[in-house]
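Down below is the structure, laid out as structure tokens.
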Amino acid sequence: MNHLLRMLDLGADEILEILDTADQLKYDQKHGIPHKLLAGKTITMIFEKQSTRTRVAFEMGMYQLGGHALFLQDSVSQIGRGEAAEDTARVLSRYCDGIVIRTFDQQEAEQLARYATCPVINAQTDDSHPMQTLADLMTIRERKVVLAGLRVGFIGDGFNVCNSTIVGCLKMGMIVTVACPEGYAPHREALAFAVDYPQQFTLCHDPRQAAKDADVLFTDVWTSMGKESERQARRAAFAGFCLDAPLLELAAPDCMVQHSLPAHKGEEITADVFERHAEEIFDETENRLHVQKAVLSMLLREK
Ligand code: CP
């Protein structure tokens, strides 16, 4: 593993290695055990979209690992003035040990990785959000112990979180049903991957089908970053795709709820369902820190 740009980059064994490393780092952090695995290492974090969780988790994570993270917002750097990704990659590679990027176009992250001589980590693009899926898998494993065979329902937009959820969960042997409105299907790359898992994957337009007997239910915002001009149209298209109590009643009795956040209560999830599952949702948020530290330590130490 040289870079982490998509869940498709990872084999099942590598996902498990990241989860095991994250579990250990969480234990160390909670018990005050020093784990300065990246002492003296540095990363630059390019953010072309807003972020709370991803940015803070990378920045705090690097500090806890003994390294340093530099936040580079596109609007205050030459990236915002159009400097080419291949040049940015070669510049930053001369200064730091790793590059984190959150941007819209997956191709920009791919181009950075092509030219960088240090690891590049995808902190979210429109196509994929691998850090989120790794944290979700970690959280589910903490509660359910064994991932293989669990029934997962994803209700909502077939966007970045959905794409990574499909790939990550299928690789872990989970059974995935995605329910999204017509016209909001997952990315063709995720669907092409799922073709090889005909017994484990279903795409439908009925949220009740995704909720039925689910061990874990996922949802995500209806209007992702960059789609704000479509908000009204999306509210209409996603009517009926709100994760609410009647949908939860169709699921397994101990069904978990995962939401990558930020949540729009009353849209993709009711306030009631959110609060009833807040503990596991915020565990998932915390686990972003631990999995991102695991990815950093594995990628930067392997250099
Ligand atoms: N879920 C997630 O990526 O959160 P942020 O947008 O706050 O980083």
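The values are calculated or read from the model by the stated rules, or taken from the named source; none is laboratory data. Bear in mind the structure is a predicted one, so any value in this text is a computation, not a measurement. FYI the Cβ positions are ideal-geometry reconstructions off the backbone, even for glycines, and counts take in every protein chain you see.
Remarks
- Any hit, the stretch 46-55, residues being away from the ligand (no atom under 16 Å from the Cβ), surrounded by 18 or more Cβ atoms within 10 Å (Cβ to Cβ) and in contact (Cβ under 8 Å) with a residue 12 or more places away in the chain: no
- Test for Glu189: is it assigned to a loop (DSSP other than H, G, I, E, B), of a type in the set (D, E, K, R) and either away from the ligand (no atom under 14 Å from the Cβ) or more than 15 Å from the chain's Cα centre (by Cα) (or both): no
- Inclusion of Glu230 among residues that are loosely packed, with under 15 Cβ neighbours inside 10 Å, more than 16 Å from the ligand (Cβ to nearest atom) and under 30 Å from Lys30 (Cα atoms) is not warranted.
- Residues in the stretch 193-248 that are among the aliphatic types (A, V, I, L, M) and in a helix (DSSP H, G or I): 9 in all.
- Residues of the stretch 91-124 satisfying the condition of being part of a loop (DSSP other than H, G, I, E, B), more than 16 Å from the ligand (Cβ to nearest atom) and crowded, with 19+ Cβ neighbours inside 10 Å: Cys96, Asp97, Ala116, Cys118, Pro119
- Taking residues in the stretch 127-148 that are in contact (Cβ under 8 Å) with a residue 40 or more places away in the chain, and partners anywhere that are of a type in the set (Lys, Arg) and within 12 Å of the ligand (Cβ to nearest atom), the pairs with Cβ atoms closer than 7 Å and at least 6 places apart or on different chains are Met131/Arg288; Ala135/Arg288.
- The stretch 100-139, residues that are under 20 Å from Pro186 (Cα atoms) and of a type in the set (Phe, Trp, Tyr): Phe104
- The stretch 149-164, residues that are under 16 Å from Leu217 (Cβ atoms), of a type outside the set (Asp, Glu) and either more than 16 Å from the ligand (Cβ to nearest atom) or touching a residue at least 60 places away in the same chain (Cβ under 8 Å) (or both): Leu150, Arg151, Val152, Gly153, Phe154, Ile155, Gly156, Gly158, Val161
- Flag for Asp74 being more than 16 Å from the ligand (Cβ to nearest atom) and not small (Gly, Ala, Ser): no
- One residue from Thr133, Thr88 being polar (S, T, N, Q), surrounded by 21 or more Cβ atoms within 10 Å (Cβ to Cβ) and away from the ligand (no atom under 16 Å from the Cβ): Thr88
- Residue match in the stretch 64-71 (condition: in a helix (DSSP H, G or I) and within 16 Å of the ligand (Cβ to nearest atom)): no
Residue-wise test of (1) within 19 Å of the chain's Cα centre (by Cα); (2) modelled with pLDDT of 95 or more; (3) of a type in the set (Ser, Thr, Tyr); (4) more than 30 Å from Val146 (Cβ to Cβ).
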{"residue": "Leu16", "(1), (2), (3), (4)": "yes, yes, no, no"}
{"residue": "Lys26", "(1), (2), (3), (4)": "yes, yes, no, no"}
{"residue": "Lys36", "(1), (2), (3), (4)": "no, yes, no, yes"}
{"residue": "Glu48", "(1), (2), (3), (4)": "yes, yes, no, yes"}
{"residue": "Gln78", "(1), (2), (3), (4)": "no, no, no, yes"}
{"residue": "Ala84", "(1), (2), (3), (4)": "no, yes, no, yes"}
{"residue": "Tyr95", "(1), (2), (3), (4)": "no, yes, yes, yes"}
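- Search result, residues across the stretch 286-298 that are crowded, with 18+ Cβ neighbours inside 10 Å and either within 15 Å of the ligand (Cβ to nearest atom) or at pLDDT below 95 (or both): Asn287, Arg288, Leu289, His290, Val291, Gln292, Val295
- Residues located in the stretch 125-158, provided they are assigned to a strand (DSSP E or B) and not basic (Lys, Arg): Val152, Gly153, Phe154, Ile155
Each row is one residue, and each column tells you yes or no for (1) without any contact (Cβ under 8 Å) to a residue 12 or more places away in the chain; (2) touching a Cys at 6+ places or on another chain (Cβ under 6 Å); (3) not small (Gly, Ala, Ser).
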position: Gly226; (1), (2), (3): no, no, no
position: Glu230; (1), (2), (3): yes, no, yes
position: Arg234; (1), (2), (3): no, no, yes
position: Cys242; (1), (2), (3): no, no, yes
position: Ala252; (1), (2), (3): no, no, no
position: Ile269; (1), (2), (3): no, no, yes
position: Glu284; (1), (2), (3): no, no, yes
